[in-house]
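Below you'll find the structure, written out as structure tokens, and then a few comments.
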Amino acid sequence: MNRIRLTGLVGGLYLLLFFVYLFGPLLVMVATAFNSSSFPRISPWDCLTADWFVELFHDEKLLTGLGNSMIIGFGVVLVAVPIGLAAAMVLSQVGPRLRSVMYAMFIAPILMPGVVLGLSTLIFWDRLGTVFGADYNSLFYNGIFLTIIGQVTFISAYSMLVFLSRLQRFDPTLTEAALDLGATQTQAFFKILLPYMTPAVLSAAVLAFLASMENYNTTVFTIVADSTFTTVLAQKVRYGLNPSISAVAVTIVGITLLAAVLFESYNRYKKRQAQPAPAKPESTGFVRAITHPGFAAGSVILLAFAAVIWVNTYDSSICRAQVDAQKRAYQEEFNLQERPAEASPEATETPSAPAPKPNGSSIFAPGNLAPGTPETEPKSPSGGIFAPSNLAPAQ
Amino acid sequence: MTGITRFFNEFTERNGMPVAIYLLIAVSIWMLLLVALPQLTMLDFSFRQNLPPPQIGGPNDVYTLEQYRYFAMGNEISGSSFNALDISVLFKTLIAAALVTILDLIICYPVAYLLAQSSDAGAKRLLILALIIPYWVNEILRAFAFRILFGATGVINGFGMQLGLWDQPIDFIGQNIALYAGLAYAYILLMIFPLYNAIESLDKNQIEAARDMGASWVQVHRHVVIPYAKPGLASGATMVFMLTAGALAAPQILGGPSSLWFTQIIYQWFNNGGNWPRGSAYAVILLIVCISLVLMIMRLFKVSIGEIGR
């Protein structure tokens, strides 16, 4: 008994550590988006700021890339989902031996390096364009078209997996019954199988869209002269680290968390609807209103509104000016210290100046960080409406 | 031939003509136009010389092994007998990918086991949802997060120096520690889910029985859980290995200045180098080496490819 509890404890600790590994990097990145320091970091905390978000919303390149990514994402969904459905249906109809061969073929694009898929697509359509004598403005050289084609090769396999798991639970006697009652095969497909597959179609579409949005390896080859959200981001990251990239992350993490909350509350709501409602008088009024997905959706919209207003109105310029002044003062003091030090070496041995600035915003003296942090720390939770950790207790 | 026509007749009869046509067209567009033909073109292209566009298809456009020779022997001018740089990058990439796979296996096995064996359904659902959330964050951003953590003035260096564990900033990026941690992080989900699915279907009574017969925890895992979860293990390991070996974003962002990933060489031949045939040859080499390694390991562990992705 004791032993089981012990392993439970160790297991719990392990899970905790694991989730720290999983979320720690994301939380740190999220926090850097609100620090006014122009290098993404948290430990010398300068000022709470929303400026990185403002900068983000004015980043033309990123917005163009986002637009292209949206077009590509919808294109991929439109092509990959029907292909995935067809592949799953074909697999479910062939004999076991052919099935395993075909399954290996269909799953192969997922396992192939994305780089290989991207460049083979690029070469193939380039050759084809040459054969047809197409000019450089045609489809064969169009980055958006090529990216859709390149991504569909493996995203189709993702959707196929979604459809396969749903098809396994399909009761074929339903189709047989429809046929017995005089439906044609086509009618049976549209009236029986397709409605049954609808939830899978939706989840395959969402999965395909997300996979398309986040793909880099294939896209970087097929996009040619255009850009997507991911390729612009990659350029930004490689060019230099900048907290506005963290602001992108905050936006994405925020949307993801909100979607997850909505999804979960909708699922619970549906489960409750499905069960015969037990007569529970206390859960009728207020509680029911709070747990209704409409309420969740409403609060999500409210939160988003609050965030936008905060970004647009919060002004960190005074605090920033202070920090800059402190830095300049410190720099001057530093220079003053250095100059006599150059003249007389023994001056360095006696640290004459007291600890320069309590705010510890200097990069030069790491030892100053410790006393500085408690003073500046409380700033961070005060206004971080965006910070997802603040959302948790609200739900 | 008659077998094929019979199959066709049966197929159209079963699905009705319109649906049968849709199924066949969709699958053949996918497999032929999107997968097979581009791969074959790439293979063909890798055996050609790097010619300016007007000369392609002309009399100079002959098949050659030049690109593969370059990978093996390097530049003729350099006079060295083999291309030490590119070959060593390939080996380093494969070894690093194998290391990342093993690291993920070690990290994920206990988590998958704990999740699969826990009886609290609600907590389990929440934990699984929590697992998926980091995966929705863009690959580039995940690498960026590790850049922030591991940089010279990053959180880990700051923390470690404040605690007095070390007094000089450690160059995690130059040492590739940031790269391995970031890669292991990036594909963790692909390891957990196959493992979780495999372990979840294991009857708990089997573990109880083994315990009752006096097996230690190590023995339970070695003789009961791991053999049972082998397909999931192989599936997760294959996916993580292939994706890590083919990764491009994380090495570009997290890799040290002295280290190269093999995909980065391919990328360079395509973009800066402007030598598509050579890039294709390198891609073919990567593909063949990765696939044969995976098939070899699958044969070693007696798992079939049909079990991947379930």
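The values are calculated or read from the model by the stated rules, or taken from the named source; none is laboratory data. Here the structure is a predicted model, which means the values were calculated and not measured. Note that we place each Cβ from the backbone using ideal geometry, even for glycine, and neighbour counts take in every protein chain shown.
Give A:S92, A:S100 a once-over and let me know the one that is within 7 Å of chain B (Cβ to nearest Cβ), closer than 28 Å to B:F8 by Cβ and out of contact with any strand residue (DSSP E or B) (no Cβ under 7 Å at 6 or more places or on another chain).
Values: A:S92 fails: within 7 Å of chain B (Cβ to nearest Cβ).
Being within 7 Å of chain B (Cβ to nearest Cβ), closer than 28 Å to B:F8 by Cβ and out of contact with any strand residue (DSSP E or B) (no Cβ under 7 Å at 6 or more places or on another chain) holds for just one of A:S92, A:S100, which is A:S100.
Collect the residues in the range A:126-139 that are outside any loop (DSSP other than H, G, I, E, B) and more than 31 Å from the chain's Cα centre (by Cα), keeping them in residue-number order.
Going residue by residue through the range A:126-139, those that are outside any loop (DSSP other than H, G, I, E, B) are A:126-132, A:139.
Once the filter is applied, which keeps residues that are outside any loop (DSSP other than H, G, I, E, B) and more than 31 Å from the chain's Cα centre (by Cα), the range A:126-139 yields A:D126, A:R127, A:L128, A:G129, A:T130, A:V131, A:F132.
Consider B:I173 carefully, then state whether it is farther than 30 Å from B:D203 by Cβ, modelled with pLDDT under 75 and in contact with a Phe, Trp or Tyr (Cβ under 9 Å, 6 or more places away or on another chain). Step through it out loud before you land on a result.
Working: farther than 30 Å from B:D203 by Cβ: yes; modelled with pLDDT under 75: yes; in contact with a Phe, Trp or Tyr (Cβ under 9 Å, 6 or more places away or on another chain): yes.
Answer is yes for this residue.
Residues in the range B:237-270 that are at the interface with another protein chain (Cβ under 9 Å from one of its Cβ atoms), closer than 11 Å to A:N217 by Cβ and of a type outside the set (F, W, Y): how many?
8
Give the range A:1-18 a look and list any residue that's of a type outside the set (S, T, Y) and at pLDDT below 85, or say none.
From the range A:1-18, those of a type outside the set (S, T, Y) are A:1-6, A:8-13, A:15-18; that's our starting set.
Once the filter is applied, which keeps residues that are of a type outside the set (S, T, Y) and at pLDDT below 85, the range A:1-18 yields A:M1, A:N2, A:R3, A:I4, A:R5, A:L6, A:G8, A:L9, A:V10, A:G11, A:G12, A:L15.
Regarding the range B:197-219, can at least one residue be identified that is in the same structural domain as B:F146 (by TED's automatic domain parsing), within 22 Å of the chain's Cα centre (by Cα), of a type in the set (G, A, S) and assigned to a helix (DSSP H, G or I)?
Scanning the range B:197-219, I find at least one residue that is in the same structural domain as B:F146 (by TED's automatic domain parsing), within 22 Å of the chain's Cα centre (by Cα), of a type in the set (G, A, S) and assigned to a helix (DSSP H, G or I), so the answer is yes.
What residue, among those in the range B:143-156 that are assigned to a helix (DSSP H, G or I), of a type outside the set (A, V, I, L, M) and within 7 Å of chain A (Cβ to nearest Cβ), is surrounded by the fewest Cβ atoms within 10 Å (Cβ to Cβ)?
Within the range B:143-156, the subset assigned to a helix (DSSP H, G or I) is B:143-150, B:155-156.
The next check asks that each one be of a type outside the set (A, V, I, L, M); those that pass are B:144, B:146-147, B:150.
From what's left, within 7 Å of chain A (Cβ to nearest Cβ): B:144, B:146-147.
Numbers: B:F144: 30, B:F146: 28, B:R147: 22.
Within the range B:143-156, the match that is surrounded by the fewest Cβ atoms within 10 Å (Cβ to Cβ) is B:R147.
Of the residues A:I144, A:I107, A:I149, only one is facing chain B (nearest Cβ under 9 Å), modelled with pLDDT of 85 or more and within 15 Å of A:I72 (Cβ to Cβ); which? Break it down stepwise before answering.
Working: A:I144 fails: facing chain B (nearest Cβ under 9 Å); A:I107 fails: within 15 Å of A:I72 (Cβ to Cβ).
Answer to the check: A:I149.
Quick one: what pairs do we get from the range A:249-263, first residue more than 16 Å from A:P25 (Cα to Cα), second surrounded by 20 or more Cβ atoms within 10 Å (Cβ to Cβ) and small (G, A, S), C-beta under 6 Å, 6+ apart or different chains?
Going by the 6 Å Cβ cut-off, the qualifying pairs are A:L262/A:A296.
Go through A:F106, A:F132 for me and flag whichever is under 21 Å from A:N215 (Cβ atoms), free of Cβ contacts under 8 Å to residues at least 60 places away in the same chain and hydrophobic (A, V, I, L, M, F, W, C).
Numbers: A:F132 fails: under 21 Å from A:N215 (Cβ atoms).
Going through A:F106, A:F132 in turn, the sole match is A:F106.
Within the range A:215-242, count every residue that is at pLDDT 85 or above, more than 13 Å from B:I140 (Cα to Cα) and either at the interface with chain B (Cβ under 7 Å from one of its Cβ atoms) or surrounded by fewer than 19 Cβ atoms within 10 Å (Cβ to Cβ) (or both).
1
For the range B:157-189, which residues satisfy the criterion of being closer than 26 Å to B:I133 by Cβ, away from chain A (no Cβ under 11 Å), free of Cβ contacts under 8 Å to residues at least 60 places away in the same chain and not aromatic (F, W, Y)?
B:I177
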